[in-house]
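Scroll down for the structure; my scribbles are underneath it.
The values are calculated or read from the model by the stated rules, or taken from the named source; none is laboratory data. Keep in mind that what you see is a predicted model, and the values were worked out from it rather than measured. In this analysis, Cβ positions are derived from the backbone assuming ideal geometry, glycine residues included, and neighbour counts consider all displayed protein chains. These area figures cover heavy atoms from the full protein model, side chains too; ligands, DNA and RNA do not enter into them. Shrake-Rupley method; radii C 1.70, N 1.55, O 1.52, S 1.80 Å.
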Amino acid sequence: MKKRLFTGLQPSGDLHIGNYYGALKPFVDMYEAYNSFLMIADYHALTSLRDSEALHQNTINIVKDYLAVGVDPEKVVIFRQSDNPDHTELGWILNCMVTVPFLMQGHAYKDKVAKGIEPNAGLFTYPMLMAADILLYDTDVVPVGEDQRQHLEYTREAVGKFNRAYGDVLKEPETVILDGVGVVPGTDGQKMSKSYKNTIPLFGTTEEVEKSVMHIVTDSNGERPENVYAIHRLLKSAEELDPIYETYKGKYGDLKKMLAADLETMIAPMRERRNAITDEQVRAVLANGVIKAREVSGSVLEQVRTAIGIAL
Ligand code: TYM
């Protein structure tokens, strides 16, 4: 029996290379060794996106992205969170297990409050919806980037609270953070994130990718431009890069051009594959995926319902 893998991604905009190296590529490298589930977290995106056309389009786009980077929908269940109501149902049940002060420690929530953004209640309870996503599939492994670590701790906490009250029903996921991925830095050296406007688009045109690379912040001390180097290291080894960075010391423009060219080599074949995928194909993948997803989540939810006393 293969172990079960579950992961998710918000359809919150065009993917960037932080998503690619932090989530898509590791997923492509590992998913076939597991019984894998890949969820488009559209109800999570609703905590920050209030544009129906964008939510719809982003969802289609993100499935295309996954197919283009080499995910075979015959070998993994790809589905949309909102197509499976089991998620919101278990999310509610888990909300009833944890306290408000506990949720108040959530990073995503605290960040928004610190920035003066009025957090909606969905954002506040988000960690329990994410816990439900994972727990509905008796998941063993959740490959995610470092920034999701706290959410996985919250998931384990929810399992503990539930199982202490009702017995051994929910399964605690064992392996979690992707080794060696770390946080992919953006063009300003902070974590690459759409909300920081420091991204390099994964499926941008050659010109768009080049433009973002040219915007990478460098200081002018003549030393190695760390922000350029850190992104370049995602594509090439230190052995390959170090002599080049030595030869071109201080020539930031040349180094950026080389990075843009290397990115283009990586992206071009995926971009071509992506352009050939139709919206109809995506809809078929999602329609098929949710049937398979519900077969698993339905039986876990049934056990939860029985445990809490609502199964008649
Ligand atoms: P999201 O959509 O923010 O990010 C998707 C995945 O990409 C990783 N990631 C990064 N990794 C390294 N460096 C970066 N700069 C970077 N930016 C993004 C994230 O760690 C993540 O793995 N809450 C989740 C979505 C979700 C989920 C789930 C994940 C909902 N339910 C259940 C796993 C299991 C999120 O917002 O990811």
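Charges at C-beta only: +1 for Lys and Arg, -1 for Asp and Glu. How large is the resulting dipole of the chain about its Cα centre, in Debye rounded to 20?
The calculated dipole for the chain is roughly 400 debye.
Roughly how much of T265 is accessible, in Å² to the nearest 10, using a 1.4 Å probe?
Looks like 100 Å² after rounding.
Which one of V144, I267, H107 has its Cα pushed farthest toward the positive end of the charge dipole of the chain, where Lys and Arg give +1 and Asp and Glu give -1 at the Cβ?
H107
Out of M214, G204, T247, whose Cα points farthest toward the positive end of the dipole of region 204-274 (charges: +1 Lys, Arg; -1 Asp, Glu; placed on Cβ)?
Result: G204, furthest along the dipole toward the positive end.
Test of understanding: in a Gaussian network model of the chain with alpha carbons linked when under 10 Å, which of I267, I117, I277 would top the mean-square fluctuation ranking?
Maximum fluctuation in the GNM of the chain, among the listed residues, is at I117.
May I ask for the angle, rounded to the nearest 10°, between helix 279-308 and the longest principal axis of the chain, with both axes built from Cα atoms and the value confined to 0 to 90°?
So the helix axis and the longest Cα principal axis differ by about 40 degrees.
Determine the relative contact order of region 204-274: mean sequence separation of Cα pairs under 8 Å and six or more apart, normalised by residue count, in whole percent.
Working: 45 pairs, mean separation 27.7, N = 71.
Result for region 204-274 is 39 percent.
Indicate the gyration tensor shape class of the chain (rounded, prolate or oblate), computed on the Cα atoms with a ≥ b ≥ c the square roots of the eigenvalues: a/c under 1.5 is rounded; otherwise a/b larger than b/c is prolate and the rest oblate.
In terms of gyration-tensor shape, prolate.
Give me the distance in nm between label points sitting 7 Å out from Cα along the Cα-to-Cβ direction at K115 and T265, one decimal.
Inter-label distance under the simple model: 3.6 nm.
How high is the relative contact order of the chain, in percent, counting Cα pairs under 8 Å that sit 6 or more residues apart?
Worked out over the chain, it gives 23 percent.
Using a 10 Å Cβ count of at most 12 others and DSSP loop calls, identify the longest part of the chain lacking such GluC sites (Glu not before Pro).
With GluC sites (Glu not before Pro) excluded where exposed in loops, the chain gives 75-173 as its longest stretch.
State the extension gain, in nm to one decimal, for the chain segment bounded by A284 and E239, taking 0.36 nm per residue of separation less the distance between their alpha-carbons.
11.8 nm
Per residue, how much accessible area does the chain have with a 1.4 Å probe, in Å²?
Averaged over the residues of the chain, the accessible area is 49 Å².
So for the pair E302, E226, with labels modelled 7 Å out along Cα→Cβ, what separation do we get in nm?
5.5 nm
For region 204-274, what is one quarter of the convex hull surface built on the Cα atoms, given in nm²? All intermediate terms of the calculation are to be shown ahead of the outcome.
Values: hull surface 18.3 nm².
Its average projected convex-hull area is 4.6 nm².
In whole percent, what relative contact order does region 120-239 give with Cα contacts below 8 Å and a gap of six or more residues?
For region 120-239, the relative contact order is 20 percent.
Can you find, among N288, T155, T187, the residue sitting farthest towards the positive end of the charge dipole of the chain, where Lys and Arg contribute +1 and Asp and Glu -1 at Cβ?
After comparing all options, I get T155.
What's the carbon and sulfur percent of region 128-275's accessible surface, probe 1.4 angstrom, rounded to a whole number? Mind dumping the intermediate values first?
Working: 3430 of 7290 Å².
Carbon-and-sulfur percentage of accessible area, whole number: 47.
Is any residue of region 126-140 close enough, with backbone N under 12 Å, to a label point placed 7 angstrom from the Cα of K3 along the Cα-Cβ axis, and if so, which?
139-140
In the structure displayed, which of K211/K236; K2/K292; K2/K25; K161/K194 lie more than 23 Å apart, Cα to Cα?
K161/K194
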